[in-house]
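Here the structure comes first, spelled out in structure tokens, and everything after it is commentary.
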Amino acid sequence: MGYDWDFSYVFKNQGILWEGFVGTIQIATASLFLGLVVGLFLASLRMSKYRLLSIPATCLIEFLRMTPLMVQIFWVFFALPILIDVRLDPFAAGLIAFSMQSGSFFAEVFRGGIQSIDRSQWEGAKSLGMTNLKMMRRIILPQAVRRMIPPLMERSFELIKGTTQMAAISYSDLLYNAMVLSSQLYRPVEIMTFTALFYLCFLTLISFGMRTIETRIEKARE
Amino acid sequence: MIEYEWKFREVLEYWPAFLNGMALTAQLSLILLIAAILGGVIVGSARYSKNRFFNWPATFFIEAFRNTPVFVQIIWFFFAFPILIGVQMEGFYAALLGIGLNMIAYSAEIFRAGIQSIERGQWEAGRAIGMNYFQSMRRVVLPQAIRRMIPAFANRVIELVKSTSIASTIAVGELLYQGHQLANTIYRPMETYTIVAVLFFLMIYPLALLTYFLEKKLNVDMRSN
């Protein structure tokens, strides 16, 4: 039963793992930014006065929030190319799937933040003669953004964890490269354990950073 | 752009495959739900305990599992764990272990936060009328805390059902896996994956409606109290 651990396999081949980690960072940052853009866009559609815009946006947001990420990745990678007649590489497919799904979650955060601002704030601004845009920029958004930051960070954390699912369509992120390496060397125990611990350290660091930002915001409010 | 000819009807003739997939997705979800509740209560109580002997390992467990991707956990249990313990393991059990432990960590935090959110005064009131710790827990604190846990937990259950689809990567024959196999045999990925997505939506959306309903109802109840 006793297993002979030998982590030298990991260290001798760390190059491919680092490459994978770079891949993870690339897809995570790209889809985070694109996701925020998509989120702003979907949120403004959903909050629009025109039902022709708000109803389809609501349906899309709900559908993307209520279906598994893995299914969306597979759909974009295998099905979408047939529909639009364009070949997508794993990075492009992942970018579309991630930014659409996290965009939907972000949209709900934006909407929730704006709608959480008390009615009287809108009325106060209006009575000062501000236009809609000015009201948004000077009164509503400064208050709303603070409330949005914690859920936005939580969602971004989920996004980073979700990037591992790109391995299923052979995008070389850290997990995929680790899987390739462990099947080449027949050393899944060391390589997978190392990979899991690496993710743990990386994500703990990120969640620590996020918590620091959160407490700073709390303090700034007082 | 080439006009694409949709052939949903042809693909739907393979409905037994979709149905089998849905059955396994439901089975996985149900087992995981029970594990999340039981495990969440046990680990959450340990995390809540003031005794370091319980508190530290529980905190470590929760943090470790919440700060690693669930996919990595599944892969670890599928490829590494069997070698370590010297036992063959089916994908089904690796998926249960990976997703299950992850879900337990999340529900433990929900359980602990729920209990901690109950004001001190409620404990003191229980004590004042002669209840011991367990009596006040069971009769005073838990009934209030559970209400506060329900919306967060319901959200977690949605995540749980969604994450079962990851098991498809280790050949567990749930809905996405069945779709994947079918798409590869009949070369109709467009229709097949669309049907898979819609079926997942149909399984998950009722849970979302239930969550919205519970959130509203419990909020109203709390205000009227």
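Quick note: the coordinates plus some simple rules give every number you see, no bench work behind them. Since the model is a prediction, treat every value here as computed from it, not as a measurement. Quick reminder, even Gly has a Cβ in these numbers, built from the backbone with ideal geometry, and neighbours come from all protein chains shown.
Considering every residue within the stretch B:43-56, establish whether at least one is crowded, with 21+ Cβ neighbours inside 10 Å and either within 23 Å of B:T164 (Cβ to Cβ) or free of Cβ contacts under 8 Å to residues at least 24 places away in the same chain (or both). Full working, then the answer.
Here is the first cut: in the stretch B:43-56, the residues crowded, with 21+ Cβ neighbours inside 10 Å are B:43-44, B:47.
Then keep just the ones that are either within 23 Å of B:T164 (Cβ to Cβ) or free of Cβ contacts under 8 Å to residues at least 24 places away in the same chain (or both); that gives B:43-44.
Within the stretch B:43-56, one or more residues are crowded, with 21+ Cβ neighbours inside 10 Å and either within 23 Å of B:T164 (Cβ to Cβ) or free of Cβ contacts under 8 Å to residues at least 24 places away in the same chain (or both).
Please work out which residue is surrounded by the most Cβ atoms within 10 Å (Cβ to Cβ), limiting yourself to the stretch A:42-75 and to residues that are assigned to a helix (DSSP H, G or I) and small (G, A, S). Don't jump to the end; show me each part of the working.
If we filter the stretch A:42-75 for residues that are assigned to a helix (DSSP H, G or I), which is where we start, we get A:42-46, A:51-65, A:69-75.
Next, only the ones that are small (G, A, S) stay: A:43-44, A:54, A:57.
On the way: A:A43: 23, A:S44: 16, A:S54: 15, A:A57: 20.
The selected residue is A:A43.
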Discussion item. It is to be established whether one or more residues within the stretch B:184-192 are among the aromatic types (F, W, Y), more than 9 Å from chain A (Cβ to nearest Cβ) and in contact (Cβ under 8 Å) with a residue 12 or more places away in the chain.
Written reply: no
Practice prompt. Return only the number of the condition from (1) at the interface with chain A (Cβ under 8 Å from one of its Cβ atoms); (2) in contact with a Phe, Trp or Tyr (Cβ under 9 Å, 6 or more places away or on another chain) that B:L199 does not satisfy.
Written response: (1)
Worksheet entry | Criterion violated by A:P142 - all others in (1) within 30 Å of A:G15 (Cβ to Cβ); (2) exposed (fewer than 14 other Cβ atoms within 10 Å of the Cβ) satisfied | (1)
Worksheet entry | Per-region count, the stretch A:1-24, residues touching a residue at least 40 places away in the same chain (Cβ under 8 Å) and part of a loop (DSSP other than H, G, I, E, B) | 5
Fill in: Exclusive hit being surrounded by 15 or more Cβ atoms within 10 Å (Cβ to Cβ), within 14 Å of chain A (Cβ to nearest Cβ), touching a residue at least 40 places away in the same chain (Cβ under 8 Å) and outside any helix (DSSP H, G or I), set B:V157, B:V161, B:V172
B:V172
Worksheet item: Taking the stretch B:10-32, which residues are out of contact with any helix residue (DSSP H, G or I) (no Cβ under 8 Å at 6 or more places or on another chain) and either under 14 Å from B:T185 (Cα atoms) or surrounded by 15 or more Cβ atoms within 10 Å (Cβ to Cβ) (or both)?
Response: B:E13
Worksheet, complete the sentence: Given the conditions (1) within 29 Å of A:A168 (Cβ to Cβ); (2) surrounded by 17 or more Cβ atoms within 10 Å (Cβ to Cβ); (3) among the aliphatic types (A, V, I, L, M); (4) in contact (Cβ under 8 Å) with a residue 24 or more places away in the chain, every one holds for B:I118 apart from (1)
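Within the stretch A:109-176, which helices (runs of 4 or more DSSP H) (wholly inside it) include 3 or more residues that are within 14 Å of chain B (Cβ to nearest Cβ)?
Numbers: elements: A:119-127, A:132-135, A:141-162.
Of the helices (runs of 4 or more DSSP H) lying wholly inside the stretch A:109-176, those with at least 3 residues that are within 14 Å of chain B (Cβ to nearest Cβ) span A:141-162.
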Response to the item:
From the option list A:F198, A:F208, single residue qualifying as assigned to a helix (DSSP H, G or I), more than 9 Å from chain B (Cβ to nearest Cβ), under 29 Å from B:E63 (Cα atoms) and in contact (Cβ under 8 Å) with a residue 60 or more places away in the chain is A:F198
Worksheet item: In the stretch B:135-154, which residues are more than 14 Å from chain A (Cβ to nearest Cβ), closer than 24 Å to B:T211 by Cβ and among the aliphatic types (A, V, I, L, M)?
Response: B:V141, B:L142, B:A145, B:I146, B:M149, B:I150
Worksheet item: Between residues in the stretch A:139-150 that are more than 16 Å from A:Q121 (Cα to Cα) and residues that are assigned to a helix (DSSP H, G or I), which pairs lie under 7 Å by C-beta distance while being six or more apart or on different chains?
Response: A:M148/A:V109; A:M148/A:F110; A:M148/A:G113; A:I149/A:I217; A:P150/A:E214
